[in-house]
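Participant: Pasting a structure here, questions to come.
Rule-based calculations on the coordinates, nothing more; no lab input. The model shown is predicted, which means the values in this text are computed figures rather than measured ones. As a convention, Cβ positions derive from the backbone with ideal geometry for all residues, glycine included, and neighbour counts pool all protein chains shown.
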Amino acid sequence: MEDHANLLESLLERATEYGKTSVELVKLKVIDKTTDGLSTIIPHAIVLLVISSVLLFLNLGASFWLGKITGELFYGFFLVAAFYTLIAFIMYFFMRKWLKRILYDYFIQELLK
């Protein structure tokens, strides 16, 4: 009987160690995915910020230039806004599913690395 008790105790001890190891493995996998995601996102965010700044100043320059050509400054801003509204409608109605599929595939690929 004592032999069965020792065997059961050994089995419970191994099961406990296995559970602790499994939890530790999950923690390490979460840390790996999180750091991989952040190390991917942060450089992209910096590049996006720089590109946004460049586009902001290009749009301001185009607005002022178009305003000078049309004779009224605010017309230039209206023309630039109309251009971006047209682009937004085109993207929404014709490219929405295409962009969604590309982004979906990208995120799935990143998660499965």
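Participant: Place a +1 charge on the Cβ of each Lys and Arg in the chain and a -1 charge on the Cβ of each Asp and Glu, then give the dipole magnitude about the Cα centre in debye, rounded to the nearest 20.
Facilitator: Charge dipole of the chain: 960 debye, to the nearest 20.
Participant: Measuring from the lowest to the highest alpha carbon on each principal axis, how far does the chain reach, largest first, in angstroms?
Facilitator: 101, 28, 19
Participant: Could you tell me the relative contact order of the range 2-111? Use alpha-carbon pairs under 8 Å, at least six residues apart, and round to a whole percent.
Facilitator: Normalised by residue count, the contact order of the range 2-111 is 15 percent.
Participant: Taking springs between alpha-carbon atoms closer than 10 angstrom, which of A15, A88, A45 fluctuates most in the Gaussian network model of the chain?
Facilitator: A15
Participant: What nm value, rounded to one decimal, do you get for the distance between D3 and V50 when each label is placed 7 Å out toward the C-beta?
Facilitator: Between D3 and V50, the simple spin-label model gives 7.3 nm.
Participant: Evaluate the Kirkwood expression for the hydrodynamic radius of the range 62-113, namely the inverse of the mean inverse distance over all pairs of different C-alpha atoms, and round to one decimal in Å.
Facilitator: By the Kirkwood definition, the hydrodynamic radius is 13.3 Å.
Participant: Angle between the Cα long axis of helix 96-111 and the longest principal axis of the chain, 0 to 90 degrees, nearest 10?
Facilitator: Computed tilt is about 30 degrees.
Participant: Just K29, K97, K20 to compare: in a GNM of the chain, with alpha carbon springs under 10 Å, which one fluctuates most?
Facilitator: Among K29, K97, K20, the largest GNM mean-square fluctuation belongs to K20.
Participant: Now for a separate question. How far is helix 2-70 tilted off the main Cα axis of the chain, in degrees rounded to 10, range 0 to 90?
Facilitator: Computed tilt is about 10 degrees.
Participant: In addition: Only helical DSSP H runs with n ≥ 4 go in: add -39500 (n - 2.57) per run for the chain, normalise by residue count and round the 222 nm mean residue ellipticity to 500 deg cm²/dmol.
Facilitator: One gets -33500 deg cm²/dmol as the mean residue ellipticity at 222 nm.
Participant: Identify, among A62, T40, H4, the residue whose Cα sits farthest towards the positive end of the charge dipole of the chain, taking +1 on the Cβ of Lys and Arg and -1 on the Cβ of Asp and Glu, with the dipole about the Cα centre.
Facilitator: Positive-most Cα among the choices belongs to A62.
Participant: Here's a follow-up. Tell me the label-point distance for the pair M95, F107, using the 7 Å Cα-to-Cβ offset, in nm and rounded to one decimal.
Facilitator: For the pair M95/F107, the computed spacing is 1.9 nm.
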